[in-house]
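Presented below is the structure to which this report refers.
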Amino acid sequence: MPAYSIVDTGGHLRLVLLCSMPASGTDGCVLAADDATEAICNDATVDSDGRELHVLAASVWNSLEVAKLVIGGMVPVAVAVLAAVFSRALRRAENRQWFSQKLVEKRIELLTAALPDLNDLFCYFTWVGNWKELSPPEILLRKRQLDRLFHANSPFFSTSAIAAYDAFISALFKTFVVPGSSAQLRTGLMSQHGSRVKAFTEYWEATWDAMFTQEADQTPPDVIKERYQSLTAALGSEIGTQPAPKEALR
C-alpha cells in the first residue's frame, strides 16, 4: 500500500508518495500541493538512486469540493421545506373538505324544516294539492316561519338562494300594506278551481276575506310556478343535488 509524507518547501506543501518503480526497484514519487486551483502534472526527474519524482499541483479545498458540500447540505433542507409545504396544503384541503361537508349537513337540516312549508305555500297559491285544508292565518304563519328560518340562517345559504327565496315570497305576499298590519295574500277567493270559502274543510271566518289582495295585485299561478322552480333549483344546488342556477330571480 502506498505511503505518503507531507514536506514544507518554503511556503509550498509537497505531498511525497513513496512507491516502488519496476525499472530501478526504488521508490520516491512526489506530489506538490500549492495554492493553485487546478491539479497539474509536470514532467518527472530521476535522481541518482533511480527515484522518479512526479510533481502535481493540487488544491486541498477547491471550489468544486465546496460546491459539492453546499449542494449536499441544501438538498435535505429543500426536501424538508417541500415536505412542510405539502403537509400544510394537505391540511388546508382536509379542512376545506370538512367545512364543506358540515355546511352541506347544516343546509340539509334547514331545508328539511323549510320544504314542507314551502310546498304548502306553493299548493295554496296555485290551487293544487292540499289548498282546501289550509286557512289564510296558517298561510301567514308558514311565511313567518320561513322568513325566520332563511334570514336567521342566511350565513349558511348562498346569496343566490336567498334571492330566489325573496323572489318567491314577494310573488305570494304583498307586504307593508298598512303600518302594523299583516301581509296580504296575492291570490283571490275564487278561481276556476272553486271557492276558498266553500272548499275550506273547516269553518271560514268572515274577517279572513280582507287578507286577500285586489285582483290587480294578485300573481298568476304560472309566475308562482316559475318562481318556485327557480327556488327549488337554487336550494338543490346548495346541497349538490342540482347544478347552480345561472341567474337568480330578483
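Just so you know, all these numbers are worked out from the coordinates, no wet-lab data involved. Owing to the predicted nature of the structure, the values given are computational and were not obtained by experimental measurement.
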Cα-based shape type of region 159-237, given that a ≥ b ≥ c are square roots of the gyration tensor eigenvalues and the cut on a/c is 1.5: prolate
Starting from 0.36 nm per residue, how many nanometres of slack lie between residue 95 and residue 133 once their C-alpha separation is accounted for? 9.0 nm
Quick one: grab the alpha carbon gyration tensor of region 95-250, order the square roots of its eigenvalues as a ≥ b ≥ c, and give me rounded if a/c is under 1.5, else prolate or oblate depending on whether a/b is larger than b/c. prolate
